[in-house]
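A short write-up of the structure that comes next.
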Amino acid sequence: MGEKGDRQFKLLPKIINGGIAGIIGVSCVFPLDLVKTRLQNQQIGPNGERQYRSMLDCFRKTYRAEGYFGMYRGSAVNIVLITPEKAIKLAANDFFRHHLSTPGGGLPLGREMAAGGLAGLCQIIITTPMELLKIQLQDAGRVVSKQGGTVVPRQTALGITVELLRTKGVLGLYKGVGATAFRDVSFSIVYFPLFAHLNALGPRKKDGSGEAVFWCSLLAGIGAGATSAFVVNPFDVVKTRLQLLKRAEGEVAYKGITDAFISLLKNEGPTVFFRGAACRMIVIAPLFGIAQMVYFLGVAEKLMGMNRS
């Protein structure tokens with residue numbers, strides 16, 4: 001009883017670590033995430049015309065039209081909700097790895113993937129509304145620019161939330177939840193086992209804990225994050241398209257995941273599923289590298305005067 005209670009108590013610093021890691025990571029990489037969203041949402045014209053030619057072109061045009069603070073459009077909702085999202089993801093993975101481990105303490109690859117997938121499934125209760133609100137704010141400038149306007153509407157996450165709740169109820173905040181689940185579950189199935197194996201390759205701390213040194217966790221998080229982001233990018237493209245509430249004139253709307261996949265493949269070719277992939281890898285790699293480093297450094301335990309479990 002004592003050991004079990006101690007483990008449950010130690011869950012609190014894991015949640016705090018996840019939150020701290022999420023805030024730091026998002027603050028560092030948000031402008032690139034905005035560029036990723038706009039690249040994924042742009043639809044190719046009938047003559048092959050593009051609003052943005054590349055990641056750098058999108059960054060330049062966005063900065064020129066909307067300034068420095070425009071690059072952080074939608075960051076407030078992300079910073080507020082990334083704390084519970086990252087906390088759930090990282091703490092849930094630890095929880096499921098612990099309960100799925102074999103009597104001898106080992107964790108076969110299949111169970112590692114199951115633990116990661118279950119952690120990804122747990123987070124969608126936060127991720128779906130967070131991504132939905134963020135995408136509306138991030139993409140507003142692209143829609144206005146494509147329609148020939150120059151003034152981006154002053155939307156707020158609270159305003160969008162109130163409108164969705166008024167017109168569609170709570171389910172309005174969960175538009176695209178299926179695609180979000182596909183992305184987050186598949187990402188976690190790849191990410192967590194890969195991170196664990198990469199992290200196990202590096203040198204250990206000299207305190208006898210058996211844990212990896214901090215830079216090893218950082219590099220493992222970067223490598224696993226970039227790889228996982230690339231693998232699941234098709235799901236992210238579909239999710240981004242499905243969650244867009246306001247489109248420029250002439251842009252296609254989709255009925256669901258299957259319709260989006262078929263329509264994208266037919267109208268824009270297979271390469272559309274990896275649009276924004278490089279940008280997303282650049283976003284996810286440092287985001288998860290920072291997250292894992294903070295998490296494994298045990299910042300919360302130090303602040304709370306607790307020993308690492």
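Spin-label pair N47-F69: with each label point 7 Å from Cα along the Cα-Cβ axis, the two points sit 3.8 nm from one another. Against the chain, whose longest principal axis is taken from its Cα atoms, helix 277-297 shows a tilt of about 30°.
Between helix 75-100 and the chain there is an angle of about 40 degrees, using the helix long axis and the longest principal axis of the Cα atoms. Of the residues G250, G202, G45, the one that moves most in a GNM of the chain with alpha-carbon contacts below 10 Å is G250.
Axis of helix 157-168 versus longest Cα principal axis of the chain: the two differ by about 80°, to the nearest ten degrees. Short to long, the 20 Å bins of the Cα pair-distance histogram for the chain hold 32, 55, 13, 0 percent of all pairs.
Taking 26 Å as the straight-line reach from the Cα of K89, the lysines in range (excluding those fewer than 8 positions away in the same chain) are K4, K10, K14, K36, K134, K175, K205, K239, K302.
For a quick check, take a GNM of the chain with Cα springs below 10 Å and name the residue from C122, C279, C28 with the largest mean-square fluctuation. Greatest mean-square fluctuation among the candidates belongs to C28.
Note on the chain: GNM, Cα springs under 10 Å; of V238, V272, V252, the largest mean-square fluctuation is that of V252.
For F261, F274, the sequence from fewest to most other C-beta atoms within 10 Å is F274, F261.
If the chain linking M304 and T161 were pulled fully straight, counting 0.36 nm for each residue of separation and taking away their Cα-Cα distance, it would gain 48.0 nm. With helices as the sole contributors, the chain gives -24500 deg cm²/dmol at 222 nm; each DSSP H run of n ≥ 4 counts as -39500 (n - 2.57), and the sum is divided by every residue. Using the Cβ-Cβ distance between F214 and S54 with R0 set to 41 Å, the FRET efficiency works out to roughly 0.75.
Could you please rank T62, T83, T37, T156, placing first whichever residue has the fewest other Cβ atoms within 10 Å of its Cβ? Write down the numbers at each step before the final one.
Details: T62 22, T83 19, T37 28, T156 13.
The fewest-first ordering by Cβ neighbours comes to T156, T83, T62, T37.
None of the figures in this text is laboratory data; all of them are computed from the coordinates on show. Model, not experiment: these values are computed from the prediction. Glycine gets a Cβ as well: all are built from the backbone with ideal geometry, and neighbour counts include every protein chain shown.
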